[in-house]
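S.K.: Sharing a structure with you now.
None of the figures in this text is laboratory data; all of them are computed from the coordinates on show. This structure is a prediction, so every number in the text was calculated from the model and none was measured. Cβ: placed from backbone, ideal geometry, glycine included. Neighbour counts: every protein chain shown.
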Amino acid sequence: MNEEKTTSFESPIHARLQALHRELSGISEGDVATYIPELAKANPDWLGICVVTANGGIYEAGDTRQTFTIQSISKPFVYGLALEDQGRESVLRKVGVEPTGDAFNSISLDPDTGCPRNPMINAGAIATTGLVEGKTPLIRLQRIIDMFGKYSGRTMTVDEAVYRSESATGHRNRAISYMLRNFDILTGDPMPVAETYFQQCAILGHCLDLATMAATLANRGLNPITGQQAIRGEYVESVLGIMGTCGMYDYAGQWLYEVGMPAKSGVAGGIAAVLPGQLGIGVFSPRLDKHGNSVRGIRACSELSRDWDLHLFNRAGVGNSMIRHRFTAAEYGSSRVRAARERVAIGKHGNSVVQYQLQGNLVFATAEPIIRELTAVPAEVESIILDFHYVHSMNETACRLFHDILLQFHSAGRNVLFCAVNSIPHLRRVLKTKLGNRCDELFRVFEDNDTALQWCEDHLLERVLPPLPEMSIGADNYELLNGFSSDELVILRKFFERREWKAGETICNAGDAAREIYLLARGRVSVHYPLENGRSKRLAVFTAGMAFGEMAVLDRAPHYTNIVADIHTACDLISMAKLIALGISYPKIKIRLLENLALSLCSKLRKANQEASLLA
């Protein structure tokens, strides 16, 4: 047996990290931290570089699984937990957000506010730890560890040896803790808070952890590997803001100028950097510069920022339109197969229904052009469909813009329909909150564009066409039998067999042998294509006067769809055997019938081609 040969290619991203690792491994500048005795045991030659993208891609080079204590990298993440527990206003009353030129372990408070200047210096970090909820120090510590587990996607633990080393030499931090207690920044005994702070700094992680944690922040708090929410999205901007201005000690300004990504370093040699919406970078190398930052870590981030154009303030403008497709009901109809008079009416009045298929990530800059276009729709437009199937995310501002336009349209007597919003929980939450008890009335939600479009077509037809009673029709009303004389219809009736189905009953299943053409005398049926996930996609809806099943009969292939009666339904059937008998006894009638079948199929194909051209 011949073995199948496959060719594997190295990702150029991985290749660049490997090359960068080789370049930086020769750098011997800097010293390993020694003021915490356990940190002095680190191998100065360790170097790991890792990138995790916001959609879950992982790229590594070097010692990316070598564990070390995260030290001050814990500060912004614990700050985020405090924000969730206390809210912004309460946290800001205890800890400021301004950069400081003081040393990270300075014993000082802001003279104007009496608070630590920011949560990235030790005074602010200890105060932040004190704001984490927990009835006991053990519960507080466990909540912090569990939080890091959500960010990293794995269980993390405290390095007890490093913790004891930090605690034994942490007299300055204890002094800071007592100072915070003196000014009521901490309440109660400050020593348990100081010990929890020592423990959070001694949490063990590795380079991949840092990159995943950073990517989680880049992904608005959602871990791109596990799909678990580590922090509420509304607080991510605050965490990244403080990382951007204060995360790299006294090097923060130059870092933001050169590298351009919010980041946090730790004295064990780690750096976690975030490019919002795109990726996280984790670097580990124990040699530190005079500011306490990893020498090779800074070089790695700087090189990647230049190579891959990662600078936060060098982003391209809004280019691609967030409107993927735009069409009217006259151009693109629902899957419901309409009677001739309905088709004419929709062709004439269908411009009053406009469908917008949106895409991408909606923020103010990308939602604004959509809103601008919606506010300029012609007066004749009575229904607008907003399809969010290809929208990846929406922020609070974009949600509010759609809420405001919804209210305006409703006041003007226009319908706004929302499709495929289940994957955008933020939009649902904002609209439900702001609409309150009017939500069910105004927030019309449909599973997909097709069901929304059918609703609009039905609404349109109710307005422009007089309703027809739901009744049985005769052979002279079947579209498939157009052009037959009364005598020919009398002959055809002899070859019919009448069958009925209750609402919800299956007429035929996918895989069944095709034996009949169905002429719908009364009721309504839906055609569904079965999907692998156990669900199905509706392909068509037929009403009285229409025919179905003819394609399977013509090509002798089994049915590939499930056909179900939506309401009580009756059909006249022409079986294969009867069709053959018709051709023997009345060949001209059979030929006419097949001609009508061909015209019907051509009409359906022409409609499908026209609609497909709109999506090209």
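S.K.: May I ask for the angle, rounded to the nearest 10°, between helix 364-374 and the longest principal axis of the chain, with both axes built from Cα atoms and the value confined to 0 to 90°?
M.R.: Rounded to the nearest ten degrees, it is 20.
S.K.: Skipping prolines and chain starts, which residues have an amide H placed within reach, meaning under 5 Å, of the one on residue 95, given they are 5 or more residues away or on another chain?
M.R.: none
S.K.: Another question, if that's okay. Would you mind getting me the FRET efficiency between residue 371 and residue 351? Use the beta-carbon distance for r and R0 = 22 Å, nearest 0.05.
M.R.: Values: r = 21 Å, r/R0 = 0.96.
Calculated value: 0.55.
S.K.: Give the Cα extents of the range 516-566 along the principal axes, in whole Å, largest first.
M.R.: So the extents along the principal axes, rounded to whole Å, are 34, 26, 12.
S.K.: Provide Rg over Rh for the range 512-599; use the alpha carbon set for both Rg and the Kirkwood Rh (inverse mean inverse pair distance).
M.R.: The Rg/Rh ratio comes out at 1.01.
S.K.: Also, quick follow-up: Can you give the three extents of the C-alpha atoms in the range 323-464 along their principal axes, from longest to shortest, in whole Å?
M.R.: So the three principal-axis extents are 45, 30, 27 Å.
S.K.: Taking only the alpha-carbon atoms of the range 291-394, what semi-axes of the equivalent ellipsoid follow from 5 times the gyration tensor eigenvalues under a square root, in whole Å, largest first? Numbers along the way, then the final one.
M.R.: On the way: eigenvalues 452, 40, 17 Å².
With the √(5λ) rule applied to the range 291-394, the semi-axes are 48, 14, 9 Å.
S.K.: At 7 Å along the Cα-to-beta-carbon direction for both residue 503 and residue 515, put a label point, then send me their distance in nm to one decimal.
M.R.: Going from the residue 503 label point to the residue 515 one covers 2.9 nm.
S.K.: Calculate, in nm to one decimal, what residue 412 and residue 161 gain on full extension: separation in residues at 0.36 nm each, minus their alpha carbon distance. Please report the intermediate quantities before stating the final value.
M.R.: Numbers: separation 251, 0.36 × 251 = 90.36 nm, distance 6.89 nm.
Working it through step by step, the gained length comes to 83.5 nm.
S.K.: Of all the C-alpha pairs in the range 12-308, what % are more than 36 Å from each other? Walk me through the numbers before you get to the answer.
M.R.: Working: 3727 of 43956 pairs.
For the range 12-308, the share of Cα pairs beyond 36 Å comes to 8 percent.
S.K.: Sticking with this one: Please work out how much length the chain gains when fully extended from residue 98 to residue 588, using 0.36 nm per residue of separation minus the C-alpha to C-alpha distance, in nm with one decimal.
M.R.: Numbers: separation 490, 0.36 × 490 = 176.40 nm, distance 9.06 nm.
Residue separation times 0.36 nm, minus the Cα-Cα distance, leaves 167.3 nm.
S.K.: Between residue 458 and residue 606, what is the label-to-label distance in nm when each label sits 7 Å out along the Cα-to-Cβ direction?
M.R.: Taking the two extended label points, one gets 2.9 nm.
S.K.: Which of the pairs 502/604; 150/264; 348/604; 94/150 have their Cα atoms more than 22 Å apart in this structure? All intermediate terms of the calculation are to be shown ahead of the outcome.
M.R.: Details: 502/604 28 Å; 150/264 18 Å; 348/604 19 Å; 94/150 26 Å.
Violating the 22 Å limit, Cα to Cα: 502/604; 94/150.
S.K.: If you don't mind, another one. Could you run the Karplus curve 6.51 cos²θ - 1.76 cosθ + 1.60 with θ = phi - 60° over the range 159-168 and give me ³J(HN,Hα) per residue in whole Hz, x for Gly and Pro?
M.R.: My calculation for the range 159-168 gives 7, 5, 5, 5, 4, 5, 5, 5, 5, 5 Hz in order.
S.K.: Next question. Which whole-Hz ³J(HN,Hα) couplings does the range 90-100 yield from phi under the Karplus relation 6.51 cos²θ - 1.76 cosθ + 1.60, θ = phi - 60°, glycine and proline marked x?
M.R.: Using θ = phi - 60°, the values come out as 5, 5, 5, 6, 10, 9, x, 9, 8, x, 9 Hz.
S.K.: Taking R0 as 41 Å, what's the FRET efficiency between residue 451 and residue 580 from their Cβ-Cβ distance, rounded to 0.05?
M.R.: Numbers: r = 39 Å, r/R0 = 0.96.
For residue 451 and residue 580, the calculated efficiency is 0.55.
S.K.: Rounded to the nearest 0.05, what FRET efficiency do residue 440 and residue 537 have when you use their Cβ-Cβ distance and R0 = 25 Å?
M.R.: On the way: r = 26 Å, r/R0 = 1.05.
The value I calculate is 0.40.
S.K.: Quick one: which residues, 5 or more positions from residue 537 or on another chain, have an amide H under 5 Å from its amide H? H modelled 1.01 Å from N in the peptide plane, none for Pro or chain starts.
M.R.: The answer is 529, 531.
S.K.: Round to the nearest 10 and give me the degree value, 0 to 90, for the angle of helix 171-182's Cα axis relative to the longest principal axis of the chain.
M.R.: 70
S.K.: Along the Cα→Cβ direction, 7 angstrom out, place labels at residue 183 and residue 465. What is the inter-label distance in nm?
M.R.: Between residue 183 and residue 465, the simple spin-label model gives 7.6 nm.
S.K.: Compute the convex hull volume of the Cα atoms of the range 474-528, divide it by the residue count, and report the result per residue in Å³ as a whole number. Mind showing how you got there, number by number?
M.R.: On the way: hull volume 5.6 nm³, N = 55.
Measuring per residue, one finds 101 Å³ for the Cα hull of the range 474-528.
S.K.: Quick one: 117, 324, 498, fewest Cβ neighbours within 10 Å first, how do they rank? List each step's numbers first, then the result.
M.R.: Details: 117 22, 324 16, 498 11.
If I rank by nearby Cβ atoms, fewest first, I get 498, 324, 117.
S.K.: Please list 3J(HN,Hα) in residue order for the range 138-154, calculated via the Karplus relation 6.51 cos²θ - 1.76 cosθ + 1.60 where θ = phi - 60°; whole Hz, with x for glycine and proline.
M.R.: With coefficients 6.51, -1.76 and 1.60, one gets 5, 5, 4, 5, 5, 5, 5, 4, 4, 4, 5, x, 5, 5, 8, x, 8 Hz.
S.K.: As a test of understanding, state the convex hull volume per residue of the range 241-312 from its alpha carbons, in Å³. Before the final figure, lay out the partial values.
M.R.: On the way: hull volume 5.0 nm³, N = 72.
With only Cα atoms used, the range 241-312 gives 69 Å³ per residue.
S.K.: Could I ask something else about it? Beta carbons within 10 angstrom, averaged per residue: use that to sort the peptides 487-497, 388-398, 529-539, highest first. Intermediate values should be presented prior to the final figure.
M.R.: Details: 487-497: 14.4, 388-398: 18.6, 529-539: 11.5.
Answer by packing, highest mean first, reads 388-398, 487-497, 529-539.
S.K.: Beyond 33 Å, what percent of the Cα pairs of the chain remain? Each step should come with its number before you reach the end.
M.R.: Values: 112503 of 189420 pairs.
Value for the chain: 59 percent of Cα pairs lie more than 33 Å apart.
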